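The values are calculated or read from the model by the stated rules, or taken from the named source; none is laboratory data. Keep in mind that this is a model prediction, so the values were computed, not measured. Glycine also receives a Cβ, built like all others from the backbone with ideal geometry; neighbour counts cover every protein chain displayed. Keep in mind that these areas ignore ligands, DNA and RNA; they rest on the heavy atoms of the full protein, side chains included. Shrake-Rupley method; radii C 1.70, N 1.55, O 1.52, S 1.80 Å.
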Amino acid sequence: MLKFYTSLLFVILTANGLVWSQNTALTTDTPFKQYEEITELMGSISSEKDIKTFRRASFSDAQMQRYLSLHFKRLDLLGDIQGHTAFVLDSYLHSGNWFRSVGFPKESIKSYLDFFQYYEAHEDKLTLIQREDYKNMRSFARSILAENYAKLGLLDSAAIQHKINIEFTKSLNYIYHPSALNNYGLFFYWYKKDLDSAMYFFDGAYKLTQTKFPNHTLIGSIRDNIADLYTEQHAYDKALPLYQQNFEFYKTAINEETLIKDVPRLISAGAQLITTNTYLHRFKAAQQHFTELEHIVATEAANNNVSTPSQLEFLRAKEQLLRTTNQISEAYLTAKDIEKLSDSLQTLLNHADKRWQEELNDITIDKIELNFKIDRIQKENMIKNQRTKLWFIGLLSSLFIILLVALIMNRRQHLLNAKNKQLLAEQKLENTALKVEQLNSEIKSKERDLSDFAIKLTQDQDWAKELAAQLEVIKQASSKEQPTLIKNLDSTIANKISVDSDTQAFFERLDKLSDTFYSKLMEQYPNLSKNEIRLCSLIRLKIESRSIATLQNITLASLNTSRYRLRKKLNLSEDTDLDFFIQSL
């Protein structure tokens, strides 16, 4: 949970050895020695073990420029340090955390991404204990990476990191998974303004924490988030018991990292409880809680444990209670105290925000980039001087190479000529093979035409037999019936001539329009006859079977036989529809 982890950033870094790993062995290699030297220079500006280093207001303009410049130079050395995986990982994490704390989210993202990339590439070099230790920080780094993306308005990238973290922490039997769920809920609450989704993830995190980690301080943070969401929806009656539980919880709860009582959270819970009671007009309960909180604030203030934001939160709750109970004079005096304290704090914050956001985030980075460009130019000049010294040697070498290349080119030309002759011979063979293939294709085409002609001849013979049968009937008919039968015969012959002519014209047009389809069909099924190809084309045009039989001058039974033979040549299974198959080609 960001709200839970952020205040513990430096403590977590120190506890996990990420300010500097105590388990990382020193080396004598050049990159590492340079890294150490730069670290010493940075320490003279601000110690990395001091929590003030993680506050940008601790630096002057000149100090921050110098510190950033050294920090970038040090980062450039990390990729060259070999054999000390844990040290490099810790350094990337430290860089990401520091950039985030001092207000450079873009640079923080780069360091975290470098951390994850380096971890994936070098995980096999870590011991099992080291891998286990990094699970916590991998989850923490993923949450902060998502927060940085969200701050920059890159909400899709933020959502991706949250989802990755939720999936990663599923297998971790500790607080990381409910924390990841809660972070995703905060993302929907703060950035997406999607209260329903936020409540869904808050609720999932709360149930999981209640079941497995009921005494962990994360549960108080989740309760606070749920109560804040209810308050935003003006469901004060639902928020009240949650604030009440948190107020009692933080009186005794000890933070797992700092091992001390979380006074800011205790004061915040008490102030929220008082304010919520006033919204519900429960003034007596509000007064009781105020008296109790007033005593807590006085006690902790005597021990210098009350920060200015906590003092402001307490005063605002007090002013709310006085105003709603018509204690106008006292409320006015409290409001003046709030204004005075808030103005002083806001002045500092505004000054810091303006100074660092406008100057450091833009001008300082530009200056540092310019310094790097100057360094590169100096290195390029050194390289140019070295190149001048090598030029004379290169000239002599070039003469030798030219002679060698001339000999090689001469030899290559001979080989090329021989290869060209071989290619010409191969080309002639290929042309001969193509001609043979073309002749074979023409022979097959002639064979198909001959087959089609035989079929047509058979059909004509069948029609001639039928015609002869009709003539025999006319001969045997009576003189009265003969004129009618002769007229029918004449009509049949005329129809036959007309049908043959029309059919021939139809098939000529069909062949022209279906030329592409014929080519595709012949390429896939070269054993088809011309009539079978025409049958495919007629089926493709969705012409009814009866009409196809008429066009081909055959009976429906003969057409069905043709369709059966066609299916066999197309190798179609019984459950494959012939018409659908052909129309899909």
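For the pairs K52/K163; K170/K207; K33/K106; K465/K487, note any where the Cα-Cα span goes beyond 24 Å. List each step's numbers first, then the result.
Numbers: K52/K163 33 Å; K170/K207 15 Å; K33/K106 28 Å; K465/K487 18 Å.
From K52/K163; K170/K207; K33/K106; K465/K487, over 24 Å: K52/K163; K33/K106.
Using only the alpha-carbon atoms of the stretch 233-351 as identical scatterers, what base-10 log of I(q)/I(0) does the Debye formula give at q = 0.15, 0.20 Å⁻¹?
-0.71, -1.15
Scale the Cα Rg of the stretch 178-228 by the rule-of-thumb value 2.2 N^0.38 Å and send over the ratio, two decimals.
1.02
Can you sort Y250, Y174 by solvent-accessible area, 1.4 Å probe, largest first?
Correct descending sequence by accessible area is Y174, Y250.
Work out the length of the dipole vector of the stretch 81-150 about its Cα centre, built from +1 on the beta-carbon of each Lys and Arg and -1 on the beta-carbon of each Asp and Glu, and round it to the nearest 20 debye.
Roughly 160 debye, rounded to the nearest 20.
What is the projected area of the convex hull of the Cα atoms of the stretch 267-315, averaged over all directions, in nm²?
Quarter of the Cα hull surface area: 3.0 nm².
For the pairs K520/K568; K193/K318; K73/K110, note any where the Cα-Cα span goes beyond 20 Å. Provide the component values of the computation, followed by the final result.
Values: K520/K568 18 Å; K193/K318 29 Å; K73/K110 15 Å.
Over 20 Å apart, Cα to Cα: K193/K318.
Which FRET efficiency, nearest 0.05, do T576 and I493 yield, Cβ-Cβ r, R0 41 Å?
Values: r = 42 Å, r/R0 = 1.03.
Efficiency for this residue pair is about 0.45.
Using 0.36 nm per residue, how much length does the chain from L195 to F392 gain when fully extended, once their Cα-Cα distance is taken away?
Value of the extension gain: 63.5 nm.
Rank these by accessible area, largest first, 1.4 Å probe: L390, L126, L416.
Final ranking, largest accessible area leading: L390, L416, L126.
So what is the diffusion coefficient of the stretch 97-172 in µm² per second by Stokes-Einstein at 25 °C and 0.890 mPa s, using a Kirkwood Rh over Cα pairs?
Stokes-Einstein gives a translational diffusion coefficient of 190 µm²/s.
Do you know the relative contact order of the stretch 66-212, to the nearest whole percent, from alpha carbon pairs under 8 angstrom that are 6+ apart?
15 percent
Can you tell me how much longer the chain between I543 and K336 gets when fully stretched, taken as 0.36 nm per residue apart minus their C-alpha distance, in nm with one decimal? Mind showing how you got there, number by number?
On the way: separation 207, 0.36 × 207 = 74.52 nm, distance 9.40 nm.
Here the answer is 65.1 nm.
Calculate the length of the line joining the C-alpha centroid of the stretch 146-160 to that of the stretch 286-316, in whole Å.
So the separation of the two Cα centres works out to 35 Å.
If DNA, RNA and ligands are ignored and the probe is 1.4 Å, what is the ranking of W98, W391, W190 by accessible area, most exposed first?
Reading off the accessible areas and sorting them downward yields W391, W190, W98.
Picking from Y200, L186, F140, whose Cα lies most toward the positive end of the charge dipole for the stretch 66-210 (charges on Cβ: Lys, Arg +1; Asp, Glu -1)?
L186
How much accessible area does S584 have with a 1.4 Å probe, in Å² rounded to the nearest 10?
70 Å²
Going toward the positive end of the dipole of the stretch 203-255, with +1 on Lys and Arg Cβ and -1 on Asp and Glu Cβ, which of T211, F247, Q233 do you reach last?
It is T211, whose Cα lies furthest towards the positive end.
Taking every pair of Cα atoms in the stretch 51-144, average 1/r, invert it to obtain the Kirkwood radius, and report Rg/Rh to two decimals.
1.00
Quick one: net charge of L154's neighbours, Cβ under 14 Å, K/R +1, D/E -1?
After counting each charged neighbour, the total is +2.
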